[in-house]
Amino acid sequence: MALRLGDDAPNFTAVTTDGTIDFHQWLGSGWGILFSHPRDYTPVCTTELGAVAKMKAEFDRRNVKVIAVSVDALKDHQGWIGDINETQKTTMNFPVIADPERKVATLYDMIHPNADDTFTVRSVFVIGPDKKVKLTLTYPASTGRNFLELLRVIDSLQLTAKFKVATPANWEDGQDCIIVTAVKDADVPALFPKGARTVKPYLRYTPQPNK
Ligand code: BEZ
């Protein structure tokens, strides 16, 4: 069955371009992003892995480890990485899981047979420090993902894990947040010393608490 938000992120051991890993041990105590691409030596996937490599410092800054997976063999990953580095003007700096037996792809339901019965779709799983699934995304093979959106979601997830806020549509780090409806009006001044603006009883804004 498909993984849902709040589910345990299944553990596995896998061969990667950085050696064999136990996924949960590799994640450690921080956040993680596991994302699949359909195939090595394909154009959109080449741009995606290059884009993530260029953004590595941003993921590091947020204590997020990234790892890619496809059903290709290790030697294919190793050869293709040369092409990624060359064409995307970067140096690959995160592991890619070789999953020719579809172990990870099956555990995370990354093969959608009505789209393609052989290759993984473009799945994304954001995993929290508690090893629970915090976000899932599924894109078709023909659409490269917007990895800046993943940074934005991570910022929101990390903020809302610490403070009693949610983030509005198109929110970006530094913008006003929404006070969750469970907070009583009487508790707002103590919880949000930067102030609050009430638009409706259920729609209250506050400056981002950790800025
Ligand atoms: C690509 O990465 O360009 C791609 C991979 C599989 C199917 C379609 C496109």
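The values are calculated or read from the model by the stated rules, or taken from the named source; none is laboratory data. In this text, all values refer to a predicted model and were calculated from it rather than measured experimentally. So basically every Cβ, Gly included, is an ideal-geometry build from the backbone, and we count neighbours across all protein chains shown. Keep in mind that these areas ignore ligands, DNA and RNA; they rest on the heavy atoms of the full protein, side chains included. Shrake-Rupley method; radii C 1.70, N 1.55, O 1.52, S 1.80 Å.
Can you tell me how many residues within the range 58-73 are out of contact with any Gly (no Cβ under 9 Å at 6 or more places or on another chain) and among the aliphatic types (A, V, I, L, M)? Break it down stepwise before answering.
Let us first name the residues in the range 58-73 that are out of contact with any Gly (no Cβ under 9 Å at 6 or more places or on another chain), namely 58-61, 68-73.
Pick out the ones that are also among the aliphatic types (A, V, I, L, M) and you get 68-69, 71, 73.
So the count comes out to 4.
A quick yes/no check of all residues on (1) among the aromatic types (Phe, Trp, Tyr); (2) more than 18 Å from TRP80 (Cβ to Cβ); (3) touching a residue at least 40 places away in the same chain (Cβ under 8 Å):
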{"position": "ASP8", "(1), (2), (3)": "no, yes, yes"}
{"position": "HIS24", "(1), (2), (3)": "no, yes, yes"}
{"position": "HIS37", "(1), (2), (3)": "no, no, yes"}
{"position": "ARG61", "(1), (2), (3)": "no, yes, no"}
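Report, by residue number, each residue of the range 115-130 that is more than 9 Å from the ligand (Cβ to nearest atom) and either open to solvent by less than 10 Å² (accessible area, probe 1.4 Å) or in contact with a Leu (Cβ under 7 Å, 6 or more places away or on another chain) (or both). Please lay out each step first, then the result.
Residues of the range 115-130 more than 9 Å from the ligand (Cβ to nearest atom): 115, 117-118, 120-121, 123-130.
Of everything in the range 115-130, those that are more than 9 Å from the ligand (Cβ to nearest atom) and either open to solvent by less than 10 Å² (accessible area, probe 1.4 Å) or in contact with a Leu (Cβ under 7 Å, 6 or more places away or on another chain) (or both) turn out to be THR120, SER123, VAL124, PHE125, VAL126, ILE127, GLY128.
Has the range 136-148 got at least one residue that is in a strand (DSSP E or B) and either in contact with a Gly (Cβ under 8 Å, 6 or more places away or on another chain) or open to solvent by less than 40 Å² (accessible area, probe 1.4 Å) (or both)? First the steps, then the outcome.
Our first condition is that a residue be in a strand (DSSP E or B); within the range 136-148, this holds for 136-139.
Then drop every residue that is not either in contact with a Gly (Cβ under 8 Å, 6 or more places away or on another chain) or open to solvent by less than 40 Å² (accessible area, probe 1.4 Å) (or both), which leaves none.
Checked against the condition, which is being in a strand (DSSP E or B) and either in contact with a Gly (Cβ under 8 Å, 6 or more places away or on another chain) or open to solvent by less than 40 Å² (accessible area, probe 1.4 Å) (or both), the range 136-148 yields no hits at all.
Of all residues being closer than 16 Å to ALA105 by Cα and surrounded by fewer than 17 Cβ atoms within 10 Å (Cβ to Cβ) in the range 31-88, which is farthest from the ligand (Cβ to nearest atom)? Just the residue, please. The qualifying residue farthest from the ligand (Cβ to nearest atom) is LEU74.
Scanning the range 84-135 for residues that are assigned to a strand (DSSP E or B) and not charged (D, E, K, R) turns up VAL96, ILE97, ALA98, SER123, VAL124, PHE125, VAL126, ILE127, VAL133, LEU135. For beta carbons closer than 9 Å, sequence separation of 6+ or different chains, a first residue in the range 185-200 that is modelled with pLDDT of 95 or more and a second that is part of a strand (DSSP E or B) and open to solvent by 70 Å² or more (accessible area, probe 1.4 Å), the qualifying pairs are ASP185/THR198; VAL188/THR198. Checking every residue in the range 107-114 against the condition of being within 30 Å of LEU157 (Cα to Cα), within 16 Å of the ligand (Cβ to nearest atom) and open to solvent by 50 Å² or more (accessible area, probe 1.4 Å) gives at least one match.
Being hydrophobic (A, V, I, L, M, F, W, C) and more than 15 Å from the chain's Cα centre (by Cα) is the filter here; which residues of the range 24-53 pass it? Scanning the range 24-53 gives TRP26, VAL44, CYS45.
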